[in-house]
1. (1) open to solvent by 60 Å² or more (accessible area, probe 1.4 Å); (2) under 29 Å from Q133 (Cα atoms); (3) not polar (S, T, N, Q): which one isn't true of R41, the others all being true?
2. Has region 28-51 got at least one residue that is part of a strand (DSSP E or B) and out of contact with any Gly (no Cβ under 7 Å at 6 or more places or on another chain)?
3. Which pairs have Cβ atoms under 8 Å, sit 6 or more apart or on different chains, and link a residue in region 2-17 that is charged (D, E, K, R) to one that is in a strand (DSSP E or B) and surrounded by fewer than 16 Cβ atoms within 10 Å (Cβ to Cβ)?
4. Looking only at residues in region 165-200 that are in a helix (DSSP H, G or I) and free of Cβ contacts under 8 Å to residues at least 24 places away in the same chain, which one is farthest from L88 (Cα to Cα)?
5. Among the numbered criteria (1) of a type in the set (A, V, I, L, M); (2) in contact (Cβ under 8 Å) with a residue 24 or more places away in the chain; (3) surrounded by fewer than 20 Cβ atoms within 10 Å (Cβ to Cβ), which single criterion is violated by A69?
6. Consider only pairs whose beta carbons are under 8 Å apart and that are at least six residues apart or on different chains; among these, list those whose first residue lies in region 35-46 and is within 14 Å of H10 (Cβ to Cβ) and at pLDDT 95 or above and whose second residue is open to solvent by 60 Å² or more (accessible area, probe 1.4 Å) and assigned to a helix (DSSP H, G or I).
7. Which residues, counting only those in region 15-38, are in contact with an Asp or Glu (Cβ under 9 Å, 6 or more places away or on another chain), open to solvent by 50 Å² or more (accessible area, probe 1.4 Å) and farther than 16 Å from L187 by Cβ?
Amino acid sequence: ATRIMSLALHDGLNLLAEQTWRTDNNHTAELAPTIRALLVRCGITQADLTMLAVSIGPGSYTGLRIGVALAKGLAAVQQLPLVGVSTLDTLAAAQPQYEDCALMTTVEAGRGRVIAATYQWRQGAWGDRDEPQLMDWRTLLDGIEGPVYIAGDIDPEGEAALQEAQARGVPVTLAPAVYRLRRAGFLAEEALALLAELGEASFNPAHLVPLYVKTKDSPE
């Protein structure tokens, strides 16, 4: 969904492998070969897979098309359930509880913009999120009314805006880098929970669609 690409292999109990790296618009060239290499490294074949999960966005329009199309193709050939997980929810799943703070997860949207959603801690997990919103960093930070931790993508423009906001007394803290990295292991955990809750019949790969945050310049 973004310039961060991540793959994980999960057996339902243990995370067997995970690989995360930054790519610059090389999704098409890198994704399929890395999937094959990860399976080989773990001694797994495609026939051994029992479900697939994929990030459905929000994020890069082109990146999402590539990732979702590949996942749907693999799931259809193997007749496997395909679980879609929000990019923002995957980030939230990786966060510890921040005492007396809300959580805001972010995804870069290009042209100095960011997509963000805010979560509250409920019953041992981050939930009750609002709808993702697209805005520039300054507008996002000016709208903060209470203590917030931010986790996710942040570019130099966002970092400068964050430091300026902190200097003005805005109660915002940037989560440690290790928590801001969007990791497929957490996506796998979220997908397993959804599958257990809703059942395989709810995850026909033909019905999965990417989640886009529409703007006036978004492709139709």
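The values are calculated or read from the model by the stated rules, or taken from the named source; none is laboratory data. Here the structure is a predicted model, which is why all the values come from computation and not from measurement. Because the Cβ atoms are built from the backbone with ideal geometry, glycine has one as well, and the counts that use them run over all protein chains shown. Just the protein is used for accessible areas: all its heavy atoms, side chains included, with ligands, DNA and RNA removed. Shrake-Rupley method; radii C 1.70, N 1.55, O 1.52, S 1.80 Å.
1. Condition (2) is where R41 drops out.
2. no
3. Cβ pairs passing all conditions: R3/R22.
4. A167
5. (2)
6. That search, which allows pairs on different chains as well, returns L39/Q46.
7. Residues satisfying the conditions do not exist here.
Conditions tested, residue by residue: (1) closer than 15 Å to P81 by Cα; (2) of a type in the set (V, I, T); (3) surrounded by fewer than 12 Cβ atoms within 10 Å (Cβ to Cβ); (4) in contact with a Lys or Arg (Cβ under 9 Å, 6 or more places away or on another chain).
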site: G158; (1), (2), (3), (4): no, no, no, no
site: Q166; (1), (2), (3), (4): no, no, no, no
site: L195; (1), (2), (3), (4): yes, no, no, no
site: P210; (1), (2), (3), (4): no, no, no, yes
